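Report on the following structure.
The values are calculated or read from the model by the stated rules, or taken from the named source; none is laboratory data. Worth saying up front: this structure is predicted, and the values here are computed from it rather than measured. Note that each Cβ is placed from the backbone with ideal geometry, even for glycine, and that neighbours are counted across all protein chains shown. Ligands, DNA and RNA are stripped out before the accessible areas are found, and what is left, the full protein with its side chains, is counted by its heavy atoms. Shrake-Rupley method; radii C 1.70, N 1.55, O 1.52, S 1.80 Å.
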Amino acid sequence: QVQLVESGGGLVQAGGSLRLSCAASGRTLKRYAMGWFRQAPGKERDLVAAISWSGSNTYYADSVKGRFTISRDNSKNTVYLQMNSLNVEDTAVYCCAAVERLLGVQTMKENYDYWGQGTQVTVSS
């Protein structure tokens with residue numbers, strides 16, 4: 001009964017920006033950490049960014065550090081991923097995930113309990 005729904009994906013040119021959103025609905029979750037993952041064709045699903053329950057602590061993969069920003073608005077049950085300076089290598093399906101009762105930043109995908117279906121991000125050269 002917990003649903004995570006991503007939005008904001010699309011097609012952009014290299015150097016452009018996108019802002020992804022992930023809204024949680026259904027059963028009210030306990031305090032939870034969240035993260036954004038991405039999976040490119042033929043590749044593994046990898047963590048892009050993670051954020052603590054409070055929003056005060058974040059983690060970024062080296063490949064996106066300085067370009068992506070994760071944030072959240074708990075009053076809206078929503079987490080965001082601002083993506084700037086996009087390049088072709090950022091092309092992937094982006095999924096959000098949540099882990100209930102874990103407050104700190106979570107960097108292991110095995111720890112996440114709930115997953116969205118993903119939104120496609122395609123960056124053209």
Legend entry - Length released on extending from LYS65 to GLU100, taking residue separation times 0.36 nm less the Cα-Cα span: 10.0 nm
Legend entry - Two-site FRET efficiency, THR58 against MET108, from Cβ-Cβ distance with R₀ of 22 Å, rounded to 0.05: 0.90
Legend entry - Solvent-accessible area per residue for the chain (1.4 angstrom probe, square angstrom): 52
Inset, instruction - Can you send over the carbon and sulfur percentage of the accessible area for the chain, probe radius 1.4 Å, protein chains only? - result: 45
Inset, instruction - With viscosity set to 1.306 mPa s and temperature to 10 °C, compute the Stokes-Einstein D of the chain, Rh being the Kirkwood radius across alpha carbon pairs; µm²/s, no decimals. - result: 112
Inset, instruction - Find the centroid of the Cα atoms in segment 87-125 and in segment 1-22, then give the distance between the two in whole Å. - result: 11
Inset, instruction - Please give the residues of segment 93-125, grouped as numeric ranges, whose backbone N is less than 19 Å from a label point set 7 Å along the Cα-to-Cβ vector of SER17. - result: 121-124
Legend entry - For the chain: relative contact order, % (alpha-carbon pairs under 8 angstrom, 6 or more apart): 37
